[in-house]
Amino acid sequence: MKRREEMNFWEQLYLPEVVRGLAVTSFHLWRNLALHTAHVVGLAKDRPASATVQYPEQRKTYPEGYRGSHRLTLKPDESVRCTACMLCATACPAQCIYIEAGEHPDPHVEKYPVRYEIDTLQCIYCGLCVEACPCDAIRMDTYVHPRIWGFDRKDFIEDKDVLMHRSRVLAEKGREGNMEEMLAWYDEQNRRVYDPTRPEFRTYTERDKPQPWAEEQGEPELAAIDRHHMLDGGE
Ligand code: SF4
Ligand code: SF4
């Protein structure tokens with residue numbers, strides 16, 4: 001950006017620059033409109049026009065190295081592979097992984113995560129949690145695009161069920177199936193939120209998750225949110 005003393009007389013007037021900017025924008029608008037119209041009737045096919053990807057209806061092909069949303073991998077019996085060792089939460093630079101460990105009913109397994117939550121609003125998708133895990137219990141190979149909208153902070157908390165479910169869908173339907181299911185799930189949430197006959201369904205957690213652990217322990221719902229709030233210096 002130029003400083004004021006570097007601007008010439010016409011640039012300091014601003015108005016000519018505004019008109020010039022509008023001219024550039026208008027040029028591209030009309031050029032693209034003309035080219036897209038010509039393409040529809042089979043003309044000027046060799047001249048590309050700018051196109052915006054209409055996400056989520058259209059999706060780009062992600063490269064192989066793409067870091068999608070997380071998933072918790074499963075054992076052959078479909079139970080969670082995670083042993084609640086906390087290494088991922090320790091390695092996470094954004095401190096957005098919340099784990100509560102519990103004693104496993106199987107005496108051969110020491111611990112398992114009673115709760116495992118990732119606050120995707122804080123996650124920076126660095127992949128350090130995946131690298132830190134000693135037992136390949138967490139991966140980011142889902143090709144699921146991180147959630148980009150919500151009605152509440154809670155909408156962006158991905159819990160153990162969600163993270164495990166992705167592994168099941170990936171095994172059954174592949175990467176595309178996982179993304180399709182996620183979009184359908186978003187649509188369903190959207191529909192429910194706007195359903196005036198179901199006012200009780202306000203957020204992801206309140207809609208779909210009864211959170212029985214919270215009732216049992218007498219804790220407020222989603223203690224992870226409170227934890228992050230405290231880390232941020234809130235009350
Ligand atoms: S990808 Fe990075 S920021 Fe996100 S949960 Fe893993 S370690 Fe934390
Ligand atoms: S995901 Fe891996 S690193 Fe994280 S708690 Fe579970 S076993 Fe440990």
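Can you figure out the FRET efficiency of ALA132 with LEU183, using R₀ = 25 Å and their beta-carbon distance, to the nearest 0.05?
0.25
How big is the gap, in Å, between the Cα center of the range 91-170 and the Cα center of the range 34-89?
20
Taking the Cα centre of the range 44-164 as origin and charging only Cβ (+1 Lys, Arg; -1 Asp, Glu), how large is the dipole, in debye to the nearest 20?
600
Provide HIS104, HIS165, HIS28 in ascending order of the number of other Cβ atoms located within 10 Å of each residue's Cβ, fewest first.
HIS28, HIS104, HIS165
Assuming 0.36 nm per residue, please report the length gained on full extension of the stretch GLU17 to ALA49 beyond their Cα-Cα distance.
Gain on stretching GLU17 to ALA49: 9.0 nm.
Ranked highest first by the average count of other Cβ atoms within 10 Å around their residues, in what order do 167-179, 134-146 fall?
In decreasing order of mean packing, 167-179, 134-146 become 134-146, 167-179.
Give the calculated FRET efficiency between GLU110 and ARG175 to the nearest 0.05, with a Förster radius of 25 Å applied to their Cβ-Cβ distance.
Plugging the Cβ-Cβ distance into 1/(1 + (r/R0)^6) gives 0.15.
Where the only charges are on Cβ atoms (+1 Lys, Arg; -1 Asp, Glu), what is the dipole of the range 13-63 about its Cα centre, to the nearest 20 debye?
120
Any lysines with Cα under 20 Å of the LYS60 Cα? List them, leaving off those in the same chain fewer than 8 positions away.
Straight-distance partners of LYS60: LYS173.
Taking the alpha-carbon distance from LYS160 and a cut-off under 19 Å, which lysines remain once sequence neighbours fewer than 8 residues away in the same chain are dropped?
LYS75, LYS111, LYS209
Every read-out reported here was derived from the displayed coordinates using simple, explicitly stated rules and does not represent laboratory data. None of the values given here were measured: they were computed from a predicted structure. Cβ atoms come from the backbone with ideal geometry, glycine included; neighbour counts cover every protein chain shown.
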